[in-house]
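Below is one structure, written out as structure tokens; the observations come after it.
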Amino acid sequence: MSQPQNNFWDSKRRQERIFKIIFTVILVLGAVTMLAPLAWMLSTSLKTPTQVFASPPIWIPSPLQWSNYPTAWSVSGIFATDTWYFLWIKMRGITFSTYAWNTLVISVLGTLGTTLSSALVAFAFARLRFPGRDTLFLLCLATLMVPAQVTMIPSFILFKTLGWYDTFLPLIVPAWLGGGAYNIFLMRQFFMTIPYELDEAAKIDGCSNLGLFWNILLPLCKPALATVAIFSFVYNWNDFLNPLIYLDSNANKTLAIGLTNFVSLYGQDYHLLMAASLIISLPIILIFLAGQKHFIKGIVTTGLK
Amino acid sequence: MATLTPLRRKEAISAYLFIAPFLLWLIFLMGGPILAAFFLSFCEWDLIGQLHYVGFHNFNEMFGFAKLTSVHQIITQGPVTLTSITTNAGAVLTLPSPSVFQEPATLAVLQGGPSGVMIQNLATVHGFLGFLLKTFGFTLLPNDPRFWSAMYNTAYITFLSVPIGMVLSVVVALLMNQKLKGIEAYRAIYYLPSVLGSGVAMAVLWKWIFNADSGLLNYFLSMITGIPISECPKWLASEAWAKPALIIMGFWNVGSGMIIYLAGLQGIPQTHYEAAEIDGANLWQQFWNVTLPGLSPVIFFNLIISIVFSFQIFNQVYVITDGLGGPADSTLVMVLYIYQKAFKYYQYGYASALSLVLFAVIMVATWVQFKYSKWVHYEGELKK
């Protein structure tokens, strides 16, 4: 009786152990593949121009050229082939600092708007009764299917007619108008997890809808708000097409545009390019590391309908 | 609509105030623009001059073509300049502009189309139109060949990167579902790239990695396969390898799919696996009969979303090709083409028409997926 049982347990445990080893190996290989490009970016950013093109590739250059970072930062990315224009830009001191500031302003204001307005709208969809509620919400979801390019051109024409071309307004105002269907949906799902008794208790105490929203429900939504805020910030920070269309003068451009200009001009100076890329990616990496679980939770909540 | 009690009316008014931002957006930045796009696509406008109504001209430009028939073949032996052709039948065809051919070649003389006569080198003509020419003796001259390139490129990238990406994501999710030490760290590591992925910084990095001479990829390739770096594919600099390069870049984003599948995997009740094991199913059978059906709603959802997004690829392509669409239009994707037509050539009407065609294609693709979704297995229990 015990003999065959011993054999069964042995082989099963050995099988499990072998699988665990195989999985770990694959996982580690995959993780290396995932991180290698980032490591390479960091490595290239610390090299001298000759080291960049060395073959076989150098992974850890010595000495570490930290000076690449200030250089990349201070070099203006917007050039024409015209030298006078270049000098004029240089004198006006438009550097990555300008781009970084612009990107920050747009991202922060956009994130603020998205978080606030999506919560407001979602509250109404989740908690209030009004005619047309379900139809409007279905419409809201339907807009997720519309590719951005269909509305891109008419929106551009609209904003240009309003005189908002070359300002931050086309990039910020839409965020304050509901923040997009995805965020409204996410917030609504979250609101619906809060027991309705809370609303009823508040209303019995004579609380207005706004008071109910602001003082009672919103504080309970902090995780969802964090998720919306993080996603929105990353989206605004990385946004490329919208700044490309709406921003024209160099003083207004964002980091994404600045980097592209940088590429077309300093195409071969990969050490500087990588330094600039890393600078731009750094806030996102930091936000990700700090708020991982918000990212993951956010996707899970909306991903599983 | 039933009349509202005063209380309900107050609630409704309050509600409309709350959703006012959304209503504004719906009217002015969604519904209005969509209607405007419809209207614009039947017009020609450069925002400066007059708005012209042109009917179906834009769509004819997109979808129309001329049929050219091969009337004669010439074999040249070396450097030659042709200004007119005399066919076997004795007809003399004058070329609109002199054609110079350096190498010996077999040339097909085609009649038809806007210029009347055209010459194609049978050795270098490729693709579907080349096939038509070589096999059937005629070819089609699209009114807007770049449109077809854009559609082809976008479809190529989508229908290769989405399925392969999904398989990879599922595999990675399966790995992540194991109870191994430090698995949380692995999840973060795999997910980080897709968070960064949408940014232009990553595109610049990939441009560098795919560099034909000094890039990391070719170095590894030559190390593993022994092919010298100079013979490795030129990736982003070559017509043939630019799209595969873009697809490979996309695999780095498996993290986002992984998270979704991971959640889906964790939603499959353990009892199902136990039941299968009792019935004597091995690991592969368990996967096929329990895991996959359990995951199918998530796979279905992700498939639709992935295709919709993949059709709209833009950022990476713009950065890598400097807004041009790759060597010889080989990475010209639809959104890039729309962007060029609107903001480089100022043909806002045509660009609107293009965007509507893109919209229609996405809708059709989504509809097809819904139609053939019998394979999706929905559990009896509805999860909130």
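The values are calculated or read from the model by the stated rules, or taken from the named source; none is laboratory data. Nothing here was measured: the structure is a model prediction, and the numbers come from that model. Cβ: placed from backbone, ideal geometry, glycine included. Neighbour counts: every protein chain shown.
For region A:128-153, enumerate the residues that are touching a residue at least 12 places away in the same chain (Cβ under 8 Å), part of a helix (DSSP H, G or I) and closer than 30 Å to B:P6 by Cβ. Listed by number, the residues that qualify are A:F137, A:C140. Looking only at region B:12-32, decide whether some residue is surrounded by 14 or more Cβ atoms within 10 Å (Cβ to Cβ) and in contact (Cβ under 8 Å) with a residue 60 or more places away in the chain. No: zero hits. Scanning region A:231-255 for residues that are away from every other protein chain (no Cβ under 11 Å) and outside any helix (DSSP H, G or I) yields A:L247, A:S249, A:K253. Screening B:A237, B:A263, B:A276, B:A242 for residues that are surrounded by 15 or more Cβ atoms within 10 Å (Cβ to Cβ), farther than 20 Å from A:M34 by Cβ, without any contact (Cβ under 8 Å) to a residue 40 or more places away in the chain and not charged (D, E, K, R) leaves exactly one candidate, B:A276. Tallying residues that are among the aromatic types (F, W, Y), farther than 16 Å from B:N315 by Cα and without any contact (Cβ under 8 Å) to a residue 12 or more places away in the chain within region B:338-353 yields 1.
Would you check if there is a residue in region B:296-317 being under 30 Å from A:A256 (Cα atoms), touching a residue at least 60 places away in the same chain (Cβ under 8 Å), aromatic (F, W, Y) and in contact with a Phe, Trp or Tyr (Cβ under 6 Å, 6 or more places away or on another chain)?
no
Looking at (1) crowded, with 19+ Cβ neighbours inside 10 Å; (2) more than 22 Å from A:F288 (Cβ to Cβ), which is the one condition that is false for B:A155? Every condition holds for B:A155 apart from (1). Going by the structure shown, is B:L141 more than 26 Å from B:S256 (Cα to Cα) and surrounded by fewer than 20 Cβ atoms within 10 Å (Cβ to Cβ)? Yes, satisfied.
For region A:117-158, enumerate the residues that are more than 8 Å from chain B (Cβ to nearest Cβ) and within 25 Å of B:G199 (Cα to Cα). Of everything in region A:117-158, those that are more than 8 Å from chain B (Cβ to nearest Cβ) and within 25 Å of B:G199 (Cα to Cα) turn out to be A:S118, A:L144. I'd like to check something: does region B:310-332 contain any residue that is modelled with pLDDT under 85, surrounded by 15 or more Cβ atoms within 10 Å (Cβ to Cβ) and assigned by TED's automatic domain parsing to the domain that holds B:I362? Yes: region B:310-332 contains one or more residues that are modelled with pLDDT under 85, surrounded by 15 or more Cβ atoms within 10 Å (Cβ to Cβ) and assigned by TED's automatic domain parsing to the domain that holds B:I362.
With respect to B:W206, is the statement that it is in contact (Cβ under 8 Å) with a residue 24 or more places away in the chain, closer than 22 Å to A:I58 by Cβ and more than 9 Å from chain A (Cβ to nearest Cβ) true? No.
Do the conditions hold for A:I204, that is, is it at pLDDT 85 or above, buried (at least 17 other Cβ atoms within 10 Å of the Cβ) and assigned by TED's automatic domain parsing to the domain that holds A:Y99? Considered against the rule, which asks whether it is at pLDDT 85 or above, buried (at least 17 other Cβ atoms within 10 Å of the Cβ) and assigned by TED's automatic domain parsing to the domain that holds A:Y99, A:I204 comes out as no.
Listed conditions (1) at pLDDT below 80; (2) under 17 Å from the mean Cα position of the chain (by Cα) are all met by A:G303, apart from (2). If you go through region A:130-150 and keep only what is surrounded by 17 or more Cβ atoms within 10 Å (Cβ to Cβ) and more than 16 Å from B:L23 (Cα to Cα), you end up with A:V146, A:P147, A:Q149, A:V150. What tally of residues in region B:340-357 results from selecting those that are surrounded by fewer than 23 Cβ atoms within 10 Å (Cβ to Cβ) and under 17 Å from the mean Cα position of the chain (by Cα)? Of the residues in region B:340-357, 3 are surrounded by fewer than 23 Cβ atoms within 10 Å (Cβ to Cβ) and under 17 Å from the mean Cα position of the chain (by Cα). Considering region B:168-190, the residues that are at the interface with chain A (Cβ under 7 Å from one of its Cβ atoms) and touching a residue at least 24 places away in the same chain (Cβ under 8 Å) include one that is surrounded by the fewest Cβ atoms within 10 Å (Cβ to Cβ), namely B:V172.
If you check A:N242, A:N250, A:N238 for being surrounded by fewer than 22 Cβ atoms within 10 Å (Cβ to Cβ) and modelled with pLDDT of 90 or more, only one passes: A:N242.
Please work out if A:G206 is away from chain B (no Cβ under 12 Å), small (G, A, S) and not in a helix (DSSP H, G or I). Considered against the rule, which asks whether it is away from chain B (no Cβ under 12 Å), small (G, A, S) and not in a helix (DSSP H, G or I), A:G206 comes out as yes. All of (1) surrounded by fewer than 16 Cβ atoms within 10 Å (Cβ to Cβ); (2) not assigned by TED's automatic domain parsing to the domain that holds B:P114 hold for B:A36 with one exception: (1). Of the residues A:L265, A:L220, the single one that is surrounded by fewer than 22 Cβ atoms within 10 Å (Cβ to Cβ), at pLDDT 85 or above and not polar (S, T, N, Q) is A:L220. Listed by first and then second residue, the pairs with beta-carbon distance under 6 Å, at least 6 apart or on different chains, first residue in region A:195-216 and closer than 16 Å to B:L7 by Cα, second not in a helix (DSSP H, G or I), form an empty list.
Listed by position, the helices (runs of 4 or more DSSP H) enclosed by region B:264-373 that each have at least 3 residues that are more than 10 Å from chain A (Cβ to nearest Cβ) are B:270-278, B:283-286, B:292-310, B:348-371.
Do the conditions hold for B:T366, that is, is it of a type in the set (S, T, N, Q) and surrounded by fewer than 17 Cβ atoms within 10 Å (Cβ to Cβ)? Yes; evaluated as a whole, the condition is true for this residue. For A:I280, indicate whether it is of a type in the set (A, V, I, L, M, F, W, C), more than 27 Å from A:D166 (Cβ to Cβ) and outside the structural domain of A:T98 (by TED's automatic domain parsing). For A:I280, the condition - of a type in the set (A, V, I, L, M, F, W, C), more than 27 Å from A:D166 (Cβ to Cβ) and outside the structural domain of A:T98 (by TED's automatic domain parsing) - is not met. Among the conditions (1) facing chain B (nearest Cβ under 10 Å); (2) at positive phi, the only one that A:G258 does not satisfy is (2).
On the given criteria, is A:Y182 crowded, with 16+ Cβ neighbours inside 10 Å, out of contact with any Cys (no Cβ under 7 Å at 6 or more places or on another chain) and of a type in the set (S, T, Y)?
Answer is yes for this residue.
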